[in-house]
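Below is one structure, written out as C-alpha cells; the observations come after it.
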Amino acid sequence: MAEAGEAVPGKRTTESGAAAPERRRRWRLVLGGAAEESLGRAEGRDEAMDAALAALYDAGGDADEPTPKRSAGLGGSAPRVARWLGDIREYFPSTVVQVMQADAIDRLDLTRLLLEPEMLAAVEPDVHLAGTLLSLNRVMPEATKEAARQVVRTVVEQLERRIAQQTRAAVSGALNRAARINRPRHADIDWDRTVRANLRHYQPEHRTVIPERLVGYGRRTSAVQRDVILCVDQSGSMASSVVFSGVFAAVLASMRWLRTSLVVFDTAVVDLTERLSDPVEVLFGTQLGGGTDINRALGYGQQLITRPRDSIFVLVSDLYEGGVREEMLRRVAEMTAAGVRVVVLLALSDDGAPAYDHENAAALAALGVPAFACTPDAFPDLMAAAIERRDLMAFAERFADRKASGTVS
C-alpha cells in the first residue's frame, strides 16, 4: 500500500514534474517486470539493480502469469552467487545488503554455499550471517573455518564499537551510585539526590534547601562489587541473541569491578567463562541448535552464586523448556528469595518481538521476575538498574511502553 503523499502507478497526481520521474523510477524497481508496460524498462544502473532484485525476489515466478516476472535466479552456482553478492554491495547500502543476504539464505537455501571460502569473501558481515555461520560450525570444512572466523571477528568488532563504551559507562556509573555514603567529601556529594532527600528542609525566605543529610558517591575500589552470570539458550532460534550475549559478556568481563560468568546451554551446559578474553573464541565455543533444558542450566548457574545479594543472574531464553518446568520455576524462586537479581530476556537482539512460551513468562512474572525482549541498546541501562537494585519489573514495563511508542529501536 502506498504511503500518504506517494504517487501510485497509473493514478493521476499533482506532484511537481521534477519529482514524478523519481517516483516512477522507485515504483518500477519495487514492482519489477510486472510494471514494465506501464512504467517502462529499467535502464543503465537501474537495470543492473533490477536484475539483482530479480535474482532474489522473482526467481521461480509463475509461468502462467500474463506479465512474466524477472527471472534471473541464483540457482545453486557459487560463482553466480558470489557475483550477485558483489553486485548488491555495489548498488545498495550495507543495511539493505544485510537484509537481502538474509533473505537469500532463507528463500534460496544458500546455506550450503556459505561453506565455501570464496562465498565468505564476498558477503557483508552482520549479526544474522554470524549466527548462521556459528550454526554451521560443526559441519564446516577446515578450508572454510578461517574465512568464517574472520567474518565473525568483523561482526564482533562492529558490535564492540557499538556497545562497549555505553555499557562500561552505564555499569561504572551504577556501581558508583550503589556505593553511596552519607558522610561524603565535598567532591563526592551527589547533589541531585542530596537535594531530593532534603526537600522538606526548603527555606522559602532564602529560596534554598538546608541539607541535614548529605548523599554521596562511594569511592571506587578495585574490589569486585558484583557477580554477573549470563545463562544463554543456544537453541537455533536464539542465534542473534547468542552473538550479542557473547559480546556483552566479553565487555562486562573486561571490567575489574565485575566477576562475569558466561554459560550456554541446550540439553547440555557449557561454561565459556575462561574464553571471555576473546569474544570470537566465545562464539565459536557455542553450538547453535538442539533442544533446551533450562532447568539444568539454572542448576549449574546456582552453583556459581556465592554472594546472592551482590549477584545478577541474566537468563537469555525464549523459555520453551524441554526439561522439568516445575524445577525450573523452583530454582528461580530460590534465587530471588536469596536476594539474587534475576531477569529473563526472551531475546537480546534487534530482531523485534520473538516467539516465546507465554505460560512460562507469566509464571516468572508472578515470581517478580521480568521476562521481556531487550534490544542491545537498552541492555546497559538494564544492567545499571539491576546493580542499583531498582524495580526491574517497572524497568521492563517502561521499556515495553517506549517500544510501543516507537522511541526505542
Looking at Met335, Val280, Gln225, which one has the Cα that reaches farthest to the positive end of the dipole of region 224-405 (charges on Cβ: Lys, Arg +1; Asp, Glu -1)? Gln225
What does the charge add up to near Ala268, with Lys and Arg as +1, Asp and Glu as -1, over the other residues with Cβ less than 10 Å from its Cβ? -1
Length gained if Ala51 through Gln165 is fully extended, taking 0.36 nm per residue and subtracting the Cα-Cα distance, is 36.9 nm
Ranked by Cβ crowding within 10 angstrom, fewest neighbours first, how are Thr292, Thr375 ordered? Thr375, Thr292
Loop sites in region 353-409: trypsin sites (Lys or Arg not before Pro), DSSP, at most 16 other Cβ within 10 Å: Arg389, Arg390
Take region 89-163, compute every pairwise Cα distance, and split them into 5 Å bins from 0; I just need the percent in each bin. 3, 16, 28, 27, 17, 7, 2
How large is the dipole of region 224-405 about the Cα centre if only Lys and Arg carry +1 and Asp and Glu carry -1, each at its Cβ, rounded to the nearest 20 debye? 640 debye
If the chain between Glu212 and Arg153 were fully extended at 0.36 nm per residue, the gain over the current Cα-Cα distance would be 15.8 nm
Computed label-point distance, nm, for sites Ala187 and Asp271 using a 7 Å Cα→Cβ extension: 4.0 nm
Over region 224-405 - Rg/Rh using Cα atoms and the Kirkwood inverse-distance radius: 0.92
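Every number here is computed from the coordinates shown, using simple stated rules; none is lab data. Worth saying up front: this structure is predicted, and the values here are computed from it rather than measured. Using ideal geometry, Cβ is built from the backbone for each residue, glycine included, and neighbour counts are taken over all protein chains shown.
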